[in-house]
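Inspection log for the structure reproduced underneath, given as structure tokens.
The values are calculated or read from the model by the stated rules, or taken from the named source; none is laboratory data. Predicted, not measured: the structure shown is a model, and the values here were computed from it. Note that we place each Cβ from the backbone using ideal geometry, even for glycine, and neighbour counts take in every protein chain shown.
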Amino acid sequence: MARASEALRARGELLSTAPDKLEKLLGALALVMLAFVAAAVLRGMDEWGRVPGVVWLHLATIVVALVLTPVLLWRTRGTKGHRVLGYTWCAAMLATAIDSFFIRLQQPGQLSPIHALSFLTLVLVPVLVLAARRHDVYRHRRTVRGLIIGALLIAGFFTFPFHRLLGHWLFG
């Protein structure tokens with residue numbers, strides 16, 4: 001058992017795995033982001049043929065993560081199903097982070113500041129998995145929240161300014 005979890009137990013605090021208000025909100029925001037992505041992709045149908053394959057891979061992996069986020073946050077945790085879906089979510093997040101390094105449409109040949117979140121994701125996903133395997137609920141939960149807020153929601157928000165592909169498709 002990890003130190004943070006032991007400290008909480010020593011103070012008599014329960015390590016509930018039930019979703020709290022923040023996790024309910026994060027799951028809902030993931031669904032909102034998914035709706036925006038879907039709307040943008042559908043509106044951009046006329047331009048699909050000009051989109052590089054690496055962008056389609058990026059969109060596919062992020063959609064997997066967005067779909068699984070509320071499922072993982074709202075359903076029973078610690079089950080075999082949660083672990084399987086969790087590994088799938090982690091694989092989607094890693095694939096999204098890795099393929100983001102090959103998307104350089106805004107500044108060809110250069111990484112943008114948003115790639116810092118990709119680097120962070122490559123570090124935090126293994127931390128997330130190790131925390132879960134060690135049954136360190138506190139660290140696992142904190143890392144999940146950080147990845148969802150930073151790598152899914154904040155990074156996702158920055159795909160919608162008008163000069164970016166999804167923003168162009170959604171807002172014209």
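Things worth noting here:
- Identification of helices (runs of 4 or more DSSP H) wholly contained in region 52-144 with 1 or more residues that are among the hydroxyl-bearing types (S, T, Y), crowded, with 17+ Cβ neighbours inside 10 Å and at pLDDT below 95 yields 80-100, 115-133.
- Among the residues making up region 53-75, a single one is free of Cβ contacts under 8 Å to residues at least 12 places away in the same chain and under 24 Å from K24 (Cβ atoms): R75.
- Selection from region 116-144 of residues that are touching a Ser or Thr at 6+ places or on another chain (Cβ under 8 Å) and farther than 18 Å from T17 by Cβ: S118, T121, L124, V127
- Region 158-172, residues that are among the hydrophobic types (A, V, I, L, M, F, W, C), in a loop (DSSP other than H, G, I, E, B) and surrounded by fewer than 16 Cβ atoms within 10 Å (Cβ to Cβ): F158, F162
- Among (1) surrounded by 15 or more Cβ atoms within 10 Å (Cβ to Cβ); (2) in contact (Cβ under 8 Å) with a residue 60 or more places away in the chain; (3) within 22 Å of T17 (Cβ to Cβ), the one test that L147 misses: (2)
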